[in-house]
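The values are calculated or read from the model by the stated rules, or taken from the named source; none is laboratory data. These figures come from a predicted structure and were not determined experimentally. Note that each Cβ is placed from the backbone with ideal geometry, even for glycine, and that neighbours are counted across all protein chains shown. Keep in mind that these areas ignore ligands, DNA and RNA; they rest on the heavy atoms of the full protein, side chains included. Shrake-Rupley method; radii C 1.70, N 1.55, O 1.52, S 1.80 Å.
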Amino acid sequence: MNNKCVFIDKDGTLIHDVPYNVNTDLILFYEDIFEPLQNLQDEGYKIIIISNQSGIEKGLFTESELKNAFNHIIQQLKNKGIEILDYAYCPHDTDNYLNPTCQCRKPQPKMILDMALKHQINLKESWMIGDIIADIAAGNRAGCQTILIDRHATEVAKLSKETPAIERPTISIRDFKNVDDLILSTLKQSTWSEIL
Ligand SMILES: [Mg+2]
Ligand SMILES: [Zn+2]
């Protein structure tokens, strides 16, 4: 379990969120992701995409259409020198926090935990990055530190003093451009619970 990893959400984090889209013509990357991911990769971080894809169970697209979209994303990142080690998606359709019909949909941590086992990843040295609280809760539950990329400041507005610790990000920021510096400088300082 020696590898450190950046687990990263796809829609709204790596690429603009077009709901239930698998059309590669409509996939648009956020331009500020490339350099930080390159730098983190240079520092030895593996990069794995962790994605909820309820459109499959909803019947909006097939697994092969989704995989085609993932392959496109992986190739585009490769063209920028960024290697995606693996990806995981939950195909299930449930938003029921308390009584989930699957164990994998974020905010559950199973996709992250399974990837950690598969790729010998040290979760304590790893990060989950996403644009909504469900990403943060999944990462925290898996034992990672977490970054909320809240580009529209909609998610931070949902946090209050009553928000459980499991839903609180280690770090909350408005864009991706300093993610590498934040991870590399936070690394030796403290854990997320100590920061809050
Ligand atoms: Mg997202
Ligand atoms: Zn699932």
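Here is how the numbers come out for the structure above:
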item: Among the residues listed as 139, 143, the single one being open to solvent by less than 20 Å² (accessible area, probe 1.4 Å) and either at pLDDT 95 or above or within 16 Å of ligand 2 (Cβ to nearest atom) (or both); result: 139
item: Residue under evaluation residue 105, criteria (1) open to solvent by 30 Å² or more (accessible area, probe 1.4 Å); (2) out of contact with any strand residue (DSSP E or B) (no Cβ under 6 Å at 6 or more places or on another chain); (3) not aromatic (Phe, Trp, Tyr), criterion not met; result: (2)
item: Which numbered condition residue 126 misses (of (1) of a type outside the set (Asp, Glu); (2) open to solvent by less than 80 Å² (accessible area, probe 1.4 Å); (3) within 16 Å of ligand 2 (Cβ to nearest atom)); result: (3)
item: Residue within the range 17-31 that is of a type outside the set (Gly, Ala, Ser), closer than 23 Å to residue 109 by Cβ and out of contact with any Pro (no Cβ under 6 Å at 6 or more places or on another chain) present; result: yes
item: Residue among 150, 114 that alone is open to solvent by 30 Å² or more (accessible area, probe 1.4 Å) and either among the hydroxyl-bearing types (Ser, Thr, Tyr) or touching a residue at least 24 places away in the same chain (Cβ under 8 Å) (or both); result: 114
item: Long-range neighbours under 6 Å by Cβ, at least six apart or interchain, first residue touching a residue at least 40 places away in the same chain (Cβ under 8 Å) within the range 163-187, second open to solvent by less than 60 Å² (accessible area, probe 1.4 Å) and of a type in the set (Asp, Glu); result: 175/32; 176/32; 177/32
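One line per residue, one yes/no per condition, for (1) open to solvent by less than 10 Å² (accessible area, probe 1.4 Å); (2) hydrophobic (A, V, I, L, M, F, W, C); (3) away from ligand 2 (no atom under 16 Å from the Cβ); (4) under 18 Å from the mean Cα position of the chain (by Cα):
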| residue | (1), (2), (3), (4) |
| --- | --- |
| 3 | no, no, yes, yes |
| 19 | no, no, yes, yes |
| 23 | no, no, yes, no |
| 28 | no, yes, yes, yes |
| 51 | yes, no, no, yes |
| 58 | no, no, no, no |
| 66 | yes, yes, no, yes |
| 71 | no, no, yes, yes |
| 110 | no, no, no, yes |
